[in-house]
Amino acid sequence: MLLRTMLFVPGNRAGMIEKAKALDPDALIFDLEDAVPPAEKGAARRMVRDALESGRFARHRVYVRVNALSTGLLPTDLEEVVSPHLHGIVLPKTEDREGVEAASRMLLEQENRRGLPAGHTRILPIVETVRGILNLAQIAGSSDRLVGLAYGAEDFATDLGVERSRECIEGLYPRTMVALYARLTNVLAIDSVFADIGDGEGLEKETSLARQLGFKGKLVIHPRQIEAVNRLFTPSRAEIERARQVVAAYDEAEARGEASVTVNGKMVDIPIAERARGLLALARAISFQPSAISFQPSAISDQPGPETAT
Amino acid sequence: MLLRTMLFVPGNRAGMIEKAKALDPDALIFDLEDAVPPAEKGAARRMVRDALESGRFARHRVYVRVNALSTGLLPTDLEEVVSPHLHGIVLPKTEDREGVEAASRMLLEQENRRGLPAGHTRILPIVETVRGILNLAQIAGSSDRLVGLAYGAEDFATDLGVERSRECIEGLYPRTMVALYARLTNVLAIDSVFADIGDGEGLEKETSLARQLGFKGKLVIHPRQIEAVNRLFTPSRAEIERARQVVAAYDEAEARGEASVTVNGKMVDIPIAERARGLLALARAISFQPSAISFQPSAISDQPGPETAT
Amino acid sequence: MLLRTMLFVPGNRAGMIEKAKALDPDALIFDLEDAVPPAEKGAARRMVRDALESGRFARHRVYVRVNALSTGLLPTDLEEVVSPHLHGIVLPKTEDREGVEAASRMLLEQENRRGLPAGHTRILPIVETVRGILNLAQIAGSSDRLVGLAYGAEDFATDLGVERSRECIEGLYPRTMVALYARLTNVLAIDSVFADIGDGEGLEKETSLARQLGFKGKLVIHPRQIEAVNRLFTPSRAEIERARQVVAAYDEAEARGEASVTVNGKMVDIPIAERARGLLALARAISFQPSAISFQPSAISDQPGPETAT
């Protein structure tokens with residue numbers, strides 16, 4: 001599943017919900033948590049429920065960010081929003097296995113009530129406190145519902161008592177651990193929101209770092225962030241080209257009965273060839289997404305095209 | 001409690017102890033360990049005891065760095081220095097929970113003997129070996145006496161068999177873990193000494209890195225290091241200004257029934273507003289310290305002053 | 001033991017095996033794994049066995065990279081190669097304690113069969129998957145046979161689904177942990193191969209980073225990588241010079257009854273003096289290696305020579 005961009009939409013803003021219909025992030029997240037002031041939680045729940053039940057978002061993958069377990073608001077949130085069209089919940093401030101298990105039990109109850117199959121609703125926990133990061137070993141794999149592990153940089157910095165730096169040095173360890181535990185348990189690592197909407201360069205820098213650490217997608221808070229983030233989590237033409245060369249050279253070597261080959265001065269053996277195949281598979285998967293940024297078919301074959309034969 | 005600067009003073013140098021009276025780090029540490037050669041341990045203990053009992057340091061927060069548990073010198077160190085004026089001990093080469101517990105039992109014995117309340121004497125462990133860093137999960141929270149967790153970069157590099165680099169790359173993981181476990185257990189993360197006394201730029205760079213990773217103070221070895229370190233662990237006027245803007249904008253948004261607002265192109269919601277409030281609270285706390293570098297009262301109100309109204 | 005450079009030699013290439021005789025890495029690794037296609041495993045095993053039994057490599061320290069436990073090829077690999085001349089095996093894709101223990105039992109069986117002392121054959125596990133890195137605490141110390149812990153950057157990147165970056169940011173955490181657990185258990189940390197044979201600058205950069213993180217050697221895949229890697233894992237003349245100054249100044253201070261001294265504006269106390277002594281001991285050990293890059297004897301004494309007296 002692709003979750004390169006997950007766009008937050010405030011659950012209490014009818015106009016923004018309406019506008020979201022025309023947008024193409026890989027997922028939408030209707031927010032009942034930080035975007036909604038306490039007095040409007042009830043109205044927001046109903047607005048989100050109506051949006052889900054109207055079928056207006058049938059072509060989207062829709063998540064709802066519910067309120068944290070500790071607020072006591074979670075059972076009522078779930079009562080309103082669990083439904084056939086809801087893909088999953090985003091669970092903020094997840095700190096331990098018990099938190100995921102409690103949310104999972106509440107989901108099961110709502111699924112039973114609505115006649116949905118058990119496990120229909122996925123969970124994307126946001127790990128965004130020091131305690132959560134230090135408990136990743138128990139959070140990862142805590143439920144079959146987990147679709148990924150998300151990192152929350154703003155809350156994490158607040159919890160640690162530091163400002164966010166452009167170099168993300170305070171976020172290097174938490175990001176690394178979220179990426180590793182996501183991979184260990186075969187779910188997606190999803191990076192934090194980047195709050196500075198006007199800073200496109202900062203967004204690209206942070207997204208590139210996240211990708212390099214193993215993240216597969218990012219939470220976004222403004223439609224203008226979608227294009228760059230989708231692009232950065234999609235193999236580039238140059239990457240696809242290099243991967244095709246690597247795979248072709250390795251396959252030829254294999255046919256000659258050899259197990260490694262030199263491509264552009266670099267030794268290519270099994271792990272490097274496997275990585276190139278993985279990149280091509282990702283590029284193909286993205287090209288079959290209805291909402292994907294478009295590719296030339298020739299760019300995603302793993303056979304070298306005529307323009308690379310020289 | 002503020003422990004931005006903790007100044008080491010050799011416990012065997014009467015002249016330096018005398019000079020320390022006029023200095024204003026957030027704490028003094030009389031050293032019985034590495035600064036004192038074996039033959040002078042006894043004389044140093046008595047010198048430190050006399051300094052404590054004389055009342056000459058009554059206005060200071062005074063710690064003593066004792067010898068490591070493994071030396072066998074610790075019981076005698078404590079016999080001499082535990083007293084009403086001693087705020088705590090700095091425990092070098094702490095490697096496991098048992099080390100802290102053993103020191104804590106010895107402290108209790110001395111507190112009983114001196115008629116001091118149990119728990120009067122705090123412990124600041126220095127974690128400065130590979131084993132200690134890998135055991136942080138058991139060291140953190142090992143005693144209610146812990147006031148912080150300190151990192152020792154010189155001993156750590158020696159244990160790992162590497163030189164210290166200016167980029168601190170070998171110290172990134174240990175610093176990160178000390179900061180996270182300090183936060184997890186609600187004590188202060190205190191950074192290593194910086195031995196190159198003449199290198200003010202290097203000191204500022206290392207201190208800034210430590211602050212960004214969540215440290216709240218630093219061990220210093222020369223009076224000339226105090227000013228820079230205090231300054232770097234104190235919110236700057238510009239930071240205070242930005243925090244006031246953020247808090248003011250968020251409060252206005254809240255009054256309008258909204259949960260987020262854009263300030264200078266950046267989305268501000270709960271975690272960011274909370275962080276700004278935390279920074280203002282720290283600035284206020286520092287301004288009330290007798291030894292603090294001075295602030296204009298207007299700079300630390302969280303209401304915007306007239307000069308920021310435009 | 002010095003293992004600054006461990007050179008891979010494909011086990012199925014008679015010509016390359018022959019050429020390796022004249023090379024002087026600190027160890028040779030005959031490869032039965034990724035360098036050998038499935039159809040040639042049997043021939044490669046016999047070629048490696050013959051090379052070992054011929055006595056042609058008696059002056060070398062020889063390892064064999066066997067196939068991973070999960071392939072089922074390991075028992076046959078060991079049946080052929082365990083012998084008096086084999087120093088140890090390199091065990092790829094090591095992910096847990098059980099993997100090391102299983103390999104160790106198989107080695108014991110072959111040692112018994114060949115009349116070799118139990119434990120004759122060492123193990124160098126390569127940790128090169130996300131699971132392996134997260135399991136380092138159980139892999140380290142899992143057998144007395146362990147001579148080190150090696151990091152495999154190519155397989156790790158493939159497992160995580162990322163390309164390798166020149167900054168090695170995706171490899172910072174795994175390298176850090178391999179170095180720390182190697183030190184904790186008193187074995188050598190050995191860094192990954194660097195596949196870009198033509199990129200000497202990249203090799204030096206990666207090797208320097210590894211050294212700074214605590215690594216003591218590196219896997220190499222081409223004879224031309226040996227010189228740079230040996231050099232970077234050997235104290236330089238300038239480092240030796242500085243270390244001699246530090247030790248001399250500290251010894252003089254100690255003789256005066258002092259425990260610290262300032263050298264070039266930097267405070268030198270026990271940990272810094274110990275580190276300098278360690279560096280000099282390493283330089284001496286290297287100078288006594290038959291294959292070492294040569295030193296002037298004066299450069300490795302820890303007494304300052306006449307040229308440094310001014």
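The values are calculated or read from the model by the stated rules, or taken from the named source; none is laboratory data. All of these numbers come straight from a predicted model, not from anything done at the bench. Here Cβ is always computed from backbone atoms with ideal geometry, including for glycine, and neighbour counts include all displayed protein chains. The accessibility values were calculated without ligands, DNA or RNA, using every heavy atom of the protein model including side chains. Shrake-Rupley method; radii C 1.70, N 1.55, O 1.52, S 1.80 Å.
The table below gives the values:
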item: Single match in A:V62, A:V90, A:V82 (criterion: open to solvent by less than 40 Å² (accessible area, probe 1.4 Å), touching a His at 6+ places or on another chain (Cβ under 6 Å) and away from chain B (no Cβ under 14 Å)); result: A:V62
item: The stretch B:250-273 residues that are on the phi > 0 side of the Ramachandran plot, paired with ones that are open to solvent by 30 Å² or more (accessible area, probe 1.4 Å) and of a type in the set (G, A, S) (beta carbon under 7 Å, 6 or more apart); result: B:G257/A:A39; B:G265/A:G198
item: Boolean, C:S291 is touching a Phe, Trp or Tyr at 6+ places or on another chain (Cβ under 8 Å), at pLDDT below 90, among the polar types (S, T, N, Q) and surrounded by 16 or more Cβ atoms within 10 Å (Cβ to Cβ); result: no
item: Subset of the stretch A:238-262 [surrounded by fewer than 19 Cβ atoms within 10 Å (Cβ to Cβ) and among the β-branched types (V, I, T)]; result: A:T262
item: The stretch C:164-174, residues that are facing another protein chain (nearest Cβ under 7 Å) and either over 14 Å from B:E170 (Cα atoms) or under 15 Å from the mean Cα position of the chain (by Cα) (or both); result: C:S165, C:E170
item: Residue check, B:N12 outside any helix (DSSP H, G or I) and in contact with a Leu (Cβ under 7 Å, 6 or more places away or on another chain); result: no
item: Qualifying position, being assigned by TED's automatic domain parsing to the domain that holds A:G132 and either touching a strand residue (DSSP E or B) at 6+ places or on another chain (Cβ under 7 Å) or of a type in the set (S, T, Y) (or both), among A:D191, A:D199; result: A:D191
item: Residue in the stretch A:148-155 that is open to solvent by less than 30 Å² (accessible area, probe 1.4 Å), facing chain B (nearest Cβ under 10 Å), of a type in the set (G, A, S) and more than 16 Å from A:K93 (Cα to Cα) present; result: no
item: Test: C:G55 is at pLDDT below 95 and in the same structural domain as C:R105 (by TED's automatic domain parsing); result: yes
item: Pairs where the first residue, in the stretch B:38-55, is within 11 Å of another protein chain (Cβ to nearest Cβ) and the second is part of a helix (DSSP H, G or I) and open to solvent by 50 Å² or more (accessible area, probe 1.4 Å), C-beta under 9 Å, 6+ apart; result: B:K41/B:T76
item: Qualifying position, being touching a residue at least 12 places away in the same chain (Cβ under 8 Å), surrounded by fewer than 22 Cβ atoms within 10 Å (Cβ to Cβ), among the hydroxyl-bearing types (S, T, Y) and in the same structural domain as A:T94 (by TED's automatic domain parsing), among A:S165, A:S143; result: A:S143
item: Those residues of the stretch A:263-279 which are more than 7 Å from chain C (Cβ to nearest Cβ), surrounded by 18 or more Cβ atoms within 10 Å (Cβ to Cβ) and within 25 Å of the chain's Cα centre (by Cα), in sequence order; result: A:A276, A:L279
item: Qualifying positions in the stretch C:118-132 - at the interface with another protein chain (Cβ under 7 Å from one of its Cβ atoms) and closer than 29 Å to B:E167 by Cβ; result: C:V130
item: Scan of the stretch B:196-237 for residues that are of a type in the set (S, T, Y) and open to solvent by 10 Å² or more (accessible area, probe 1.4 Å), ordered by number; result: B:S208, B:S236
item: Subset of the stretch C:15-57 [hydrophobic (A, V, I, L, M, F, W, C), open to solvent by 30 Å² or more (accessible area, probe 1.4 Å), outside any helix (DSSP H, G or I) and in contact with a helix residue (DSSP H, G or I) (Cβ under 8 Å, 6 or more places away or on another chain)]; result: C:L23
item: All positions within the stretch B:1-48 that are closer than 30 Å to B:F288 by Cα and among the charged types (D, E, K, R); result: B:R4, B:E18, B:K19, B:K21, B:D24, B:D26, B:D31
item: Within the stretch C:181-195, considering residues that are open to solvent by less than 10 Å² (accessible area, probe 1.4 Å) and more than 14 Å from chain A (Cβ to nearest Cβ), the one nearest to A:S260 (Cα to Cα); result: C:D191
item: Filtered residues of the stretch C:216-244 (kept if touching a residue at least 60 places away in the same chain (Cβ under 8 Å) and within 14 Å of chain B (Cβ to nearest Cβ)); result: C:K216, C:G217, C:F233, C:T234, C:I240, C:E241
item: Test: residue in the stretch B:175-195 that is of a type in the set (D, E, K, R) and under 19 Å from C:Y173 (Cβ atoms); result: yes
